[in-house]
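First up is the structure itself, then whatever we jot down about it.
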Amino acid sequence: MKFLRLVFVVLPWLLGCLALAGPGYAAVSVTDNSGRNVTLQQPARRILALAPHITENLFSIGAGDRIVGAVAFSDYPPQAREIERVGSFGQLNLEQVLALQPDLVIAWPGGSPPAQLERLRQLGMPVFESDPHSFAMIASNLRLYGQLTGLQAGADAAAFALEQRVERLRERHAAAIPLRVFYQLWHEPLMTVNRSLLVDQMLRLCGGENPFADRPESVPQLGVESVLAVRPEVILTTTEEAPRDWIERWQRWPELPAVQHNLFYQLNADWMHRATLRALLGAEQLCAHLDDARVKLGRINPSDSGD
């Protein structure tokens, strides 16, 4: 019976794909972030977006109305909340996915079950894996989405605007005096990031030094002693990940420069952890906090204009 249900779901999807195929469209072929080739016979019209950053980036290029299914926490922009849910982190409703008859699936390998993605490929669905870890990769993904949807002008404009704002931040902070920063990703157990993640690029863009950048794990798990040993001058976390008493917990170690100067800052979690255009807001917020810390530490270059 399960097989028959699957047949009744898959058959309309296959017929729908055949009906959409026709003259007037050129096939498009791109390489996704995992190195796989993804080919469409025409621009995608019915898209499954299997991560919040994918949903947000599709809206950014003008393809939001083509998303027929999304996953939990796909909540930005607000209209994304109205899209049908097809699963959550680590689990998809495969029959529901097939019933929506998508002509393109865009998935995040860190959150989509590999076995289920492979099953979709076996059923003939094009699957594009999106896993950007830098601003350059966000811009690249936007342009690739433009190719896959035929909305290249909107995608190019969004990607170019991103690149321009990143370059302005880089130029403004190129001569900034470095600050040793501990980024508290989680509190129990204590976690941070290495250089492979977007957060580390933001830190470097703003003149911050991540003492755990060279750790082999993308999300190193630490003991408090490791943080005490590097003597951070600034401690950062986000609004969602920190308990209410997170600052008080660090004040137990008054020998830390961050504690001595009360240099604790909280950042918007979505801006910091979603690889979208809003990551620029996260970088700008982070830079503003580090600039404030430099003032309080007296680490201002004589040539700084102060604007």
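Observations on the structure shown:
- Against the numbered list (1) under 30 Å from ILE61 (Cα atoms); (2) open to solvent by 60 Å² or more (accessible area, probe 1.4 Å); (3) touching a Lys or Arg at 6+ places or on another chain (Cβ under 7 Å), ILE300 comes up short only at (1).
- In region 37-59, the residue that is most open to solvent (accessible area, probe 1.4 Å) out of those that are without any contact (Cβ under 8 Å) to a residue 24 or more places away in the chain and outside any loop (DSSP other than H, G, I, E, B) is ASN37.
- Test: residue in region 290-297 that is in contact with a His (Cβ under 7 Å, 6 or more places away or on another chain) and assigned to a helix (DSSP H, G or I): yes
- Tabulated pairs, region 257-278, first on the phi > 0 side of the Ramachandran plot, second modelled with pLDDT of 95 or more and of a type in the set (Lys, Arg), C-beta under 9 angstrom, 6+ apart or interchain: ASN262/LYS296
- Restricted to region 87-116, and to residues there that are assigned to a helix (DSSP H, G or I) and without any contact (Cβ under 8 Å) to a residue 24 or more places away in the chain, the residue that is nearest to HIS273 (Cα to Cα) is PRO114.
- Among the residues of region 60-71, the ones that are assigned to a loop (DSSP other than H, G, I, E, B) and either basic (Lys, Arg) or exposed (fewer than 14 other Cβ atoms within 10 Å of the Cβ) (or both) come to 0 in all.
- Selected residue (criterion: surrounded by the most Cβ atoms within 10 Å (Cβ to Cβ)) from residues of region 117-155 that are of a type in the set (Ser, Thr, Tyr) and part of a loop (DSSP other than H, G, I, E, B): SER130
- Among residues of region 254-274 being closer than 17 Å to GLU241 by Cβ and not in a helix (DSSP H, G or I), the one that is most open to solvent (accessible area, probe 1.4 Å) is GLN266.
- Subset of region 190-245 that is small (Gly, Ala, Ser) and in contact (Cβ under 8 Å) with a residue 60 or more places away in the chain - its residue that is most open to solvent (accessible area, probe 1.4 Å): SER196
- Within region 173-189, the set of residues being outside any loop (DSSP other than H, G, I, E, B), at pLDDT 95 or above and more than 18 Å from the chain's Cα centre (by Cα) comprises HIS173, LEU179, ARG180, VAL181, PHE182.
The values are calculated or read from the model by the stated rules, or taken from the named source; none is laboratory data. These figures come from a predicted structure and were not determined experimentally. Cβ: placed from backbone, ideal geometry, glycine included. Neighbour counts: every protein chain shown. Surface accessibility is based on the protein's heavy atoms, side chains included, excluding ligands, DNA and RNA. Shrake-Rupley method; radii C 1.70, N 1.55, O 1.52, S 1.80 Å.
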